[in-house]
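The values are calculated or read from the model by the stated rules, or taken from the named source; none is laboratory data. For clarity, every value in this text was computed on a predicted model and none was experimentally measured. Because the Cβ atoms are built from the backbone with ideal geometry, glycine has one as well, and the counts that use them run over all protein chains shown.
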Amino acid sequence: MTIYFWIILAVCVLDQLTKVWAMDLIAAANSMSVEQVAEGNTLPIFENILHFTYLENSGMSFGLLADHRWVFMLLSAVGVVALFVYLVSLRGNGKLICTSLSLVIGGGIGNMFDRVSLGYVVDFIDVRCIPGWKWIFNLADSAVCVGAALLILGILLEYKKEKVK
């Protein structure tokens, strides 16, 4: 069970560190202090492919529910606690499902930390090479999405295993 707590902690810490790192890089690229960085300031990592672009996201992943901050914070806190309780109840059974839950929980906590301390979530990963893609996100968002995909895969694999029995 300990490994899953480490995954949660790693996602939280890496999320916060990458946000600070990106802000430092964006500020330096725009010849300003971190305090002067404003939404839209950007740093091309690979021109027209990947940029670090500063965005203050007051909603959930991809800016959804931006005008309902407190409702979302409450639902997200309840969701993180419920997933954590479920993870503990699994006692390490189903490694893929436990890993996926750990990623979702870690991402949720990482973004919740920003919401509580800043009132918004810092997003910066700006993928520009995918036609129609307009969202800017962060490591916590990525952990939630990857975790959710792995959770679906884990559930399908468990269902298949049970059906074969």
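Entry remark, segment 100-119: residues being touching a residue at least 40 places away in the same chain (Cβ under 8 Å) and crowded, with 17+ Cβ neighbours inside 10 Å number 13 in total.
For segment 12-45, enumerate the residues that are in contact (Cβ under 8 Å) with a residue 24 or more places away in the chain and under 15 Å from Ile125 (Cβ atoms). Step through it out loud before you land on a result.
First pass over segment 12-45, keeping only residues in contact (Cβ under 8 Å) with a residue 24 or more places away in the chain: 12, 14-16, 18-19, 22-23, 25-26, 42.
Scanning segment 12-45 gives Leu14, Asp15, Gln16, Thr18, Lys19, Ala22, Met23, Leu25, Ile26, Thr42.
Among residues that are surrounded by fewer than 12 Cβ atoms within 10 Å (Cβ to Cβ) and either touching a residue at least 40 places away in the same chain (Cβ under 8 Å) or in contact with a Cys (Cβ under 9 Å, 6 or more places away or on another chain) (or both), Arg91 is included.
Quick one: in segment 146-165, which of the residues that are among the charged types (D, E, K, R) and part of a helix (DSSP H, G or I) is surrounded by the most Cβ atoms within 10 Å (Cβ to Cβ)? So the residue we want is Glu158.
Residues in segment 120-145 that are assigned to a helix (DSSP H, G or I) and touching a helix residue (DSSP H, G or I) at 6+ places or on another chain (Cβ under 6 Å) were compared, and the one that is surrounded by the most Cβ atoms within 10 Å (Cβ to Cβ) is Ala140. Among the residues of segment 1-31, the ones that are within 30 Å of Val85 (Cβ to Cβ) and either part of a helix (DSSP H, G or I) or touching a strand residue (DSSP E or B) at 6+ places or on another chain (Cβ under 6 Å) (or both) come to 18 in all.
Scan segment 32-41 and give yes if some residue there is assigned to a helix (DSSP H, G or I) and either touching a strand residue (DSSP E or B) at 6+ places or on another chain (Cβ under 8 Å) or acidic (Asp, Glu) (or both), otherwise no. Walk me through how you get there before you give the answer.
Within segment 32-41, the first condition is being assigned to a helix (DSSP H, G or I), and the residues that meet it are 34-36.
Checking the rest, the ones that are also either touching a strand residue (DSSP E or B) at 6+ places or on another chain (Cβ under 8 Å) or acidic (Asp, Glu) (or both) come to 35.
Yes; the residues of segment 32-41 include at least one that is assigned to a helix (DSSP H, G or I) and either touching a strand residue (DSSP E or B) at 6+ places or on another chain (Cβ under 8 Å) or acidic (Asp, Glu) (or both).
Which one of Leu50, Leu65 is modelled with pLDDT under 95 and more than 15 Å from the chain's Cα centre (by Cα)? So that I can check it myself, show each step before the final result.
Values: Leu50 fails: modelled with pLDDT under 95.
Being modelled with pLDDT under 95 and more than 15 Å from the chain's Cα centre (by Cα) holds for just one of Leu50, Leu65, which is Leu65.
Exactly one residue out of Gly92, Gly110, Gly106 is touching a helix residue (DSSP H, G or I) at 6+ places or on another chain (Cβ under 9 Å), at pLDDT below 95 and either of a type in the set (S, T, N, Q) or not in a strand (DSSP E or B) (or both), and it is Gly92.
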